[in-house]
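Only the coordinates and a few stated rules stand behind these numbers; no lab work does. Note that the structure is a prediction, hence the values are computed from the model and not measured. Note: ideal-geometry Cβ built from the backbone for every residue, glycine included; neighbour counts use all protein chains shown.
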């Protein structure tokens, strides 16, 4: 809590636990702490959640002292609702029965899917590489949720939804129902089941590292890198990691450090999964300003152990996204972006191409693009400081979500034909990121790789439904989260308006 990045990270974790977004000014520690406490006290059982997050960051001793501050002498302070008594730990019989059930279905129960489902519902990361039985025992040590349900009971609930055999589904579900009945929490369990039924995973949302990059703005030539980790496929809940100020040459190292967190939380080689989207390679998406969009991000190298550094695009699906468009508050730009993305998913890829020979007709080119909302992609020459960059800016402004170019410069016709064939080969546009990934991978292992398009292709793939908070230059305040549909609406508590 001593420095601004630490307080922002703390606020992000607390926000997810409370389902209440908290903006911190970041300039004064006292104001930020007041904002955090006010946010917690505005939610039923929020003081318990705040103490849990303090315990996570600072340890049990500090958390205990903090709880005593909130309830001095055992009497709640003004504005703090008294905590409901904890349901207590599971009985030995409860635990033994649950472990016996989990052992019986261990050949059917996908551990990675169970961990991801629990991370989504409980709003915190699960330890990686635990068996279902180990995960249950880990959760049995945690505090109950604000509605009184222990995380271990929710573990059994999710296990019931993941095993294929109806008899075992019933047995696991009955265990959870029986516990809830004995604890007087059957209504809370029913509410959880109802909420879960309306939150099916989206197979187009990957396990993903989003890296926002922008100039530091201090005249040094440095860049500010802000990683976001989306570790649960099927749901978009990106979590911020600590930002770094580095040189552009250090971007590969920053990405490598962030990637280790994403991969650590992914499924292990022996873990069963439910769907293909849970085992596809993590996406690495770079949200870049215009002037850096032609940077070779797929060629950044990352090291594994004592091996030689290898290109990022060899193992990961690497994409570009627009910093300016993600940051904009222009409702027209956002509406056009969403409209073309929707048309791309429903009607497929239709290209509006740009060549250097079109440089005298840029206005006409943009007008034609604006008049045809079914044009969902553009294939251009490399966007340097010339007309091709202006064409890319125009395409981004008109909402085009997909663009491809040859980073070397002019996109020769025979290479454009390769892209046309790739576009025609995909049955669904959502398959395109993996097709481009395979194209790059072949170019890296082929002896003729330096001559192949896969070594030089730039792939711009910008989904308006998967946003992250973007800070404006020179502003340390986190922006409000944009309309991420899988999260639902979230309230906001702004420290700038908090009375001190």
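Cβ-to-Cβ counts within 10 Å put 455, 441 in ascending order as 441, 455, the fewest first. By other beta-carbon atoms within 10 Å, ranking 218, 469 with the fewest at the front produces 218, 469. Once you have a ≥ b ≥ c as the square roots of the Cα gyration tensor eigenvalues for the range 208-461, tell me rounded if a/c is under 1.5, and otherwise prolate or oblate according to whether a/b is larger than b/c. Since a/c stays below 1.5, the shape of the range 208-461 is classed as rounded. Each peptide in 201-208, 127-134, 225-232 was scored by the mean count of other Cβ atoms within 10 Å over its residues; highest first, the order is 225-232, 201-208, 127-134. Note that the range 115-174 shows a convex hull volume over its alpha carbon atoms of 84 Å³ per residue.
Please give the contour-minus-distance gain from residue 187 to residue 58: 0.36 nm per residue of separation, less the Cα-Cα distance, rounded to one decimal in nm.
Numbers: separation 129, 0.36 × 129 = 46.44 nm, distance 3.43 nm.
Net length gain for the segment: 43.0 nm.
Taking other Cβ atoms within 10 Å as a rough exposure proxy, 414, 67 sort from fewest to most as 414, 67. Between residue 335 and residue 197, the simple label model (points 7 Å from Cα in the Cβ direction) yields a spacing of 3.6 nm. On a C-alpha basis, how far is the centre of the range 164-209 from the centre of the range 128-154 in Å? Whole number, if you could? The distance from the Cα centre of the range 164-209 to that of the range 128-154 comes to 13 Å. For the range 92-197, just list the percent of Cα-Cα distances falling in each 10 Å bin from zero outward, please. Spelled out per bin, shortest first, that is 15, 55, 30, 1.
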